[in-house]
Every structure is written in C-alpha cells, then in structure tokens.
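The values are calculated or read from the model by the stated rules, or taken from the named source; none is laboratory data. All of these numbers come straight from a predicted model, not from anything done at the bench. Glycine also receives a Cβ, built like all others from the backbone with ideal geometry; neighbour counts cover every protein chain displayed.
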Amino acid sequence: MTKLPKIYTVGDTTVTRVTEMVISGVPPEIYFPGTWDPSFLEANKDSFSEGLIDENSQLIVSIGTWVVKTPQHTILIDTATGNDKNLPLNPDLANLHLPYLERLQEAGVNPEEVDYVLLTHLHVDHVGWNTKLVDGKWVPTFPNAKYVFPIKEQEYYSSEASHNKENEANFNVYEESVLPIIEAGMTETIGPEGGNFLDIFTFIPTPGHSIGQMSIRLSSGDEEALFGADIMHHPFQVMRPDWNSMYCEFGDQARISRLWALEYIADRPIIYFSTHFPESSAGYVSRSDDSFNWHFI
Ligand SMILES: [Zn+2]
C-alpha cells in the first residue's frame, strides 16, 4: 500500500509533496565540490536526524513537486524531471518512466484541474512535467494551467549563453519542457524584481543557483511558508550555508541567497518547503551557536 502524502496547512491553504524520485548513494565530496569536510559527519552526528545519509554515509536527496490548494485554485510549484526526456548529456535523468502523474492523482490532483504551475527556475529537475510526450510531440501536461516563471530564466535558457559545456545538465531542457508551453500561449513571466502573485504568493529573487532563480513565499491568514527552490539541496547546507552544491551556477551569489533565506526563516514559524531534501522535504530552521539547524516536520 502506498503511503498517503502528508498534508500541511498554511492559513487557508493546504500543501502536499509529490515526490518523483529519491536518490541515495550521492557522494558528498562530489555534491559539495571543494568544500565538503569529511570530519563533518562525526562532529555533527548528534545534531541531525535520520534519513539524511544512507548506510554508506552517502547523501540522500529527492526530486519533487509541491501541490498548493487554496479555496479557489490548485497550484503546482515546480514539476520535477518528467518522463521520456531526451537528455543526451544527462543520462541519469533521461528517458525516465516514473509514475509521477499517478502520485499526483493520489495527492488529489487531476492534470486538468491544475490552474497554475509556478516555476522557481528552469533547470532540468524543475520543469520536466510541464510537458509530456504524445504521439512524438511535447504537449502541455496541465492543459488548463497558466505556467508562471521568472523572465530572467527564460531569457538565459533560451539564449546561446546557456548552451555551453558548463550547462550540460540542462541541454535540451528548454526545447522539450519550456518552449512548447510558450508556443501554446500558456505562460506568464515574473519581472527581475519579483512580486506578488494571486494575493498569497510572493516571488522573491534568490539568484545564484541559477541566474534568475526565485523563491516563493506563501502567506495566508497569519501563517507563512517559503518554497526555497534550490537555495539548498540537502539539510547539511542549513548547518553549513557556505557549501554550494555542484549544480550552483553562480557560487558567490548562491551563498548570499542561502544565507538570506536562513536568516529570514530561522526561529520563526515559517515552514521551509525544499525541492531536494530527503524524507518529508519540509521543516523548520532554528539558530544554533553561530549557524543553523534543521528539523523535519
Ligand atoms: Zn533542482
């Protein structure tokens, strides 16, 4: 029997995780290039919870979508990797056949019911289910949705500048997963300064991981949550905000954005909804000595 997804409430809204995949066996020295400190595990073993590393002390991460339901709308935040994608330079994420849409259904969402798809940025593991392959053509998976994303991301990933060797993880992603929804006239963009969307959301520029990444704040009633996108990939970065992941494209800026988010939510009742943390992927941040700590909920 599948475990039913947890339902979080934030004011008048509910938030549910749909996990596309869980990846274990990730070598920390590769994931945090140049900064990983092997003594970290032993030194911190009492302050982090189960599920962060596997039996071989390798990292566990995940990829997924958050479903936000308001009294009026069904909203997805980021759309994971997608099936059948042609990613010749990223074979681990290519040509998947995962039951994501079935899991979405289990979380109470039919594709036709989705009103908005909010995208924090346009990397391979955040835009995949924007489209699905039907009779050899990429068509919008959510036929009645408006897809909303930062304009800076569109400008960059449609440009030659992004089609270079450093960006091979995202090769062909724009063409298969973003362009078809633009051509279908189903998109709306957020300007570089961010801003409010649908009264309850605020797009907040948190660049660095990618050129125009934005976090999304949810405020409903007097409650608040933050969808931090890829400010962090693993809870270890809560304790070590100076560690960038191998996927952070603009390292110095990524550290600034990470620290901003941690300072903003620490010791406040703001749920942090991550894209890539293992376990529930959701939790709170507290202050600890001169850094921060993570608590799953
Ligand atoms: Zn990501």
- If we ask which residues in the range 54-77 are more than 14 Å from the ligand (Cβ to nearest atom) and either under 19 Å from K146 (Cα atoms) or of a type in the set (S, T, Y) (or both), their number turns out to be 11
- Task: Among what's in the range 205-261 and is β-branched (V, I, T) and surrounded by fewer than 23 Cβ atoms within 10 Å (Cβ to Cβ), pick the residue that is modelled with the highest pLDDT.
- Result: I256
- Query: Can you tell me which of A94, A107, A80 is touching a Gly at 6+ places or on another chain (Cβ under 6 Å) and either within 16 Å of the ligand (Cβ to nearest atom) or of a type outside the set (K, R) (or both)?
  - Reply: A80
- Item | Matching option when the condition is modelled with pLDDT under 95, surrounded by 13 or more Cβ atoms within 10 Å (Cβ to Cβ) and closer than 25 Å to R240 by Cβ, among G51, G64 | G51
- Inspect the range 199-215 for any residue being touching a Gly at 6+ places or on another chain (Cβ under 9 Å) and more than 22 Å from T79 (Cα to Cα) and give the result as yes or no. no
- Message: I need the full set of residues from the range 130-144 which are surrounded by 15 or more Cβ atoms within 10 Å (Cβ to Cβ) and either assigned to a loop (DSSP other than H, G, I, E, B) or of a type in the set (G, A, S) (or both), in order please.
- Response: T141, F142
- Within the range 110-126, the residues that are crowded, with 18+ Cβ neighbours inside 10 Å and either within 16 Å of the ligand (Cβ to nearest atom) or part of a loop (DSSP other than H, G, I, E, B) (or both) are V114, V117, L118, L119, T120, H121, L122, H123, V124, D125, H126
- Considering only residues of the range 145-166 that are surrounded by fewer than 18 Cβ atoms within 10 Å (Cβ to Cβ) and farther than 28 Å from L218 by Cβ, which is modelled with the highest pLDDT? S158
- Do we have any residue at all in the range 276-283 that's of a type in the set (F, W, Y) and modelled with pLDDT of 95 or more? yes
- Using beta carbons and a limit of 8 Å, which pairs, at least six apart or on different chains, have the first residue in the range 14-43 and modelled with pLDDT under 95 and the second one assigned to a strand (DSSP E or B)? L41/I53
- Unique match (being touching a helix residue (DSSP H, G or I) at 6+ places or on another chain (Cβ under 8 Å) and either away from the ligand (no atom under 16 Å from the Cβ) or not in a loop (DSSP other than H, G, I, E, B) (or both)) among I231, I182: I182
